[in-house]
Structures are given as C-alpha cells and as structure tokens.
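Here is the structure we will look at, set down as structure tokens.
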Amino acid sequence: MRFDRRGVALLATLSVLACAPTDGRPAHADDPPAVADYRPGAAGIGDPDFPEDGNGGYDVSHYDLAVAYTPKTKQLEGRTTIQAAATQNLSSFNLDLAGYDVRQVTVDNAAARFRREGDELTVTPSRPLGNRSRFTVKVVYGGRPRAAQDAANLGTYGFIPTADGAFVASEPNGSKTWFPNNDHPADKATFNFTITVPAGLTAVSNGELQGRPTTTGGKTTYRWRERHPMATYLATATLGKFDLRQGRTPGGIPEFAAVDPRFKSSLDKLYQISGEVTDYWSTVFGPYPFSSTGGVIDDYMAGYALENQTKPLYGGFEPDATIIAHELAHQWFGDSLTIKRWKDLWLNEGFATYAEWLWQEHKGTKTAEAIFKGLHARPADDPMWAYPPGRAKPSDLFNTSVYTRGAMTLQALRDAIGDDTFFRLLRTWTAEHRYGHVTTEEFIGLAGRLSGKDLRPLFDAWLFQPRRPA
Ligand SMILES: [Zn+2]
C-alpha cells in the first residue's frame, strides 16, 4: 500500500475490531462421547495484534467466488466455495464475514448449522471433521456491502461502492466485506472469480481472464483465475466503466491495464510504465512471480494505492513512476513473499519504499544513498525515530516509519555488505520464499549467512530501537 497524500498517511490508523470470542465453548457432559476429541476451531488465526482476524483449525487451498453486483441497487449476491483441510479435529470452525444475510451453508454438500457474531460466521458441519481431512464449504449470501472503516472513521477499505460500480482494496482485513474467508495473510490460497455485472461494465480481478466475457439477459459475466497463492487482502473485484489495454510487456509478460474513463488520458502511460517497471524489477529482484502484470486506476478518491496481486489499484489519481515502482515491487515483497504476522509489515513497505529509491537511482535522478542521507539528517526528535519499524503497531500499522525507516534499514544494510552481496541477498530472499511466508528473523538470518557478517547490531539499531541510529 502507498498513500498518495501525506495527510491521509498520518491519519491512517487501524483499530483491532472488538468482537466477543465465539469459540471456547465449554464441553458439556451431554456432548456425544464420540466427538469428545473434536473442538471448535479458534476465532482468530493467532496474530496477537489482530486476535479476531483469520481463524484457526483449518487451512484454505482454494476459493471459488461467484459475485453478482448491481451498482444501481448496491446489491451483492454471492456464492463462495472454499476448499480447505482441517489442522485439528474440528467440531465447528469460523469464517470471517462482515454484514450480509447468510442464506445457506453446506459442508461437503450437506447442510451445516451456522451462527453469526460480529464478523465471525461459525459453521457446525453435520459430521465433525477429522484432522487433515479435506472438506468443501459453500456459503450463499447477499445484501448491501458495507466497507470497513478504522476507528477514527478516516480510512475506508474493502468493497467500496462507487457511482458506476465498486472499488475493492482490502488491506489489512477488508476482504470479509465481500466474501466469507480466512481473512489473514497467514493463509494464502488460489482463486477463481466469476463476477457478473450489468452489461456495459467491466469487472477486473486478479490473474488472467478465462475466455471472453459472456452476456445474457443484460448481464455480463467475467471469469478470472489467479493460479498462484494469494493473501485474501490482495483479492479484488473492482468493477465499473473502464477503458482497457492488453498486450505484453517488452520483456514478454502478459499485461492488462484498466482506467476509469475519467483517466482515459492516463491509460497508455499506466500501461507503458507498468510494463517497463515489471521488466526492470525482474532483473533486480529475480523472475517475475506471476502470470501477468498491469494496473487499474479507478475514480474513487481513496488517497492510496494497493498492490492487488498482478494488478495494483490506484484510487483516484494518476500514479507517477515511483508509485508504480512501489506497487509492482510489492508483487515480490508482500504478494509472492507474504508476512505471517502484521508486525513484520516493514518486509512489505520498507522494501517497496526502497524500490522507489532504486527506481530513481536507475533513472539517474537521485541515488538511494543521497535519499538516505537526506532522511538521516532529520532532527533527533522527528517522530520517525521514536517508532521502531521492525515491530509495526496494530493501532498505527501504516506509520511512515514502517515505510521510510524500513527503507533506510535496507540502505544501511547495503552500505554494510556491499552492492554484490546486497542484490544477491534480495534475489536469494525472493527465490527461497517464492509464494510462501516470511518473518523478519528469517531475513536477518539470511543476510547474516550470505554476508558472513554479524549484522545483529545493525538490524537492532534500525528496526527495534526507539531512537535515531548513529
Ligand atoms: Zn506499499
């Protein structure tokens, strides 16, 4: 994510949603003894900073989403099919879903009992699920989407209705505003999307279009497929009036760009720069991890851009090359390599911000070293020095320190280990954890191994101390 307006960045705080826990039901004497070993899955995936996000007891491998949306009535009708595997003996499990009427839930095609509490949907299958068993959940639901808002009511994310459709950007936990899921980056899955909109509108999602859209009865259906694992917050179904350009980057990667008609004059620039950046990062960070690249500009004034997998989304502004460089760097750092816990967000934002500096260095406008020096000269009482970026705070997740001081950490590292080792480190990092999960400890460990140096004091000063490093 990158904020387009300084003010929005400073005000973007998040709060932990306060919901009553729905698990922990005490075992009653009258429970059938045969299922005594079966317990409800936890209502959270185990991220202490976001205790209600995601769920425990299972792991999703695939989402098949069918969504029909009518902008005029703001009505969404959805059917989500989830393929998952139990990671414990499960008597019940939770999905995350905000709003909507849930009409039907089945598990392995048998009707399942369900109840709602806050943003938790608890599903009790007709027969308990054994550890490691694979199962399929189907949820039919509908209603008016309600975007997510932070506590201060200043940031809006999730499924956001617009005049002609919807703007869909869900970091960190807004995908539950449009489909039931395990809403935490620790559980990635592949996705199929079937999105139906009034004829004349376009639905843009992750991955690649599967065949041409089909129109019947005044409705057009778009089918998209993301065949690489994806965090739920990167899923999108941005829809409305769009001008499109498709083709390949000069390096041969399939590319898809879409702009709201208000940004018609930005389409070619978005397409050209996105292609050039994708090709360039492929030489710096390692092979491009996905099957296509691109970008979308919608006319919703979000004040931010989000690195939706394969197609970053720009909210209400024409991005310049450095913002495009940031969002496309996230395809490696954040999308292919995904954090397990939100506290490690600098592994996304510090790296993507450093990519902005590398882009300027590539273009000959400024070196990363010069940008670093300018920032390091900030006075000792600059708020950035009080916020250690290696431990992002849930109440202030997108603090500028996570971005800027995170990027400075990488420049300090580059100075310490030299260009050859530094860029080999970035490529080894993206190769070893491709499509997987990462932690700050793993990055520090790899940097130490590749350089043969004791880098712990450097990382400690830059990532974990509430003061300006020397
Ligand atoms: Zn970002």
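The values are calculated or read from the model by the stated rules, or taken from the named source; none is laboratory data. The model shown is predicted, which means the values in this text are computed figures rather than measured ones. Heads up, the Cβs are rebuilt from the backbone with ideal geometry, glycines too, and the neighbour counts pull from every protein chain shown. Heads up: the accessible areas ignore ligands, DNA and RNA and are worked out on the full protein's heavy atoms, side chains in. Shrake-Rupley method; radii C 1.70, N 1.55, O 1.52, S 1.80 Å.
Figures for the structure shown
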item: The chain, accessible surface, carbon-and-sulfur percent (1.4 angstrom probe); result: 51
item: Members of Lys264/Lys373; Lys373/Lys393; Lys72/Lys340; Lys72/Lys188; Lys176/Lys241; Lys340/Lys366 lying beyond 31 Å, as alpha-carbon distances in this model show; result: Lys264/Lys373; Lys72/Lys340; Lys72/Lys188; Lys340/Lys366
item: Label-point separation in nm, Ala431 to Thr367, each point 7 Å along Cα→Cβ; result: 2.8
item: Degrees between helix 400-432 axis and first principal axis of the chain (Cα, 0 to 90, nearest 10); result: 90
item: Stretchable slack from Arg467 to Ser126, in nm (0.36 nm times residue separation minus alpha-carbon distance); result: 117.2 nm
item: With all protein chains modelled, accessible area of Ser266 [1.4 Å, Å²]; result: 10
item: For region 189-250, size of Cβ-based charge dipole, Lys and Arg +1, Asp and Glu -1, in debye; result: 140
item: Exposure of Leu267 as accessible area (Å², to 10), given a probe of 1.4 Å and all protein chains; result: 20
item: The chain, accessible area per residue, ligands and nucleic acids excluded (1.4 Å, Å²); result: 38
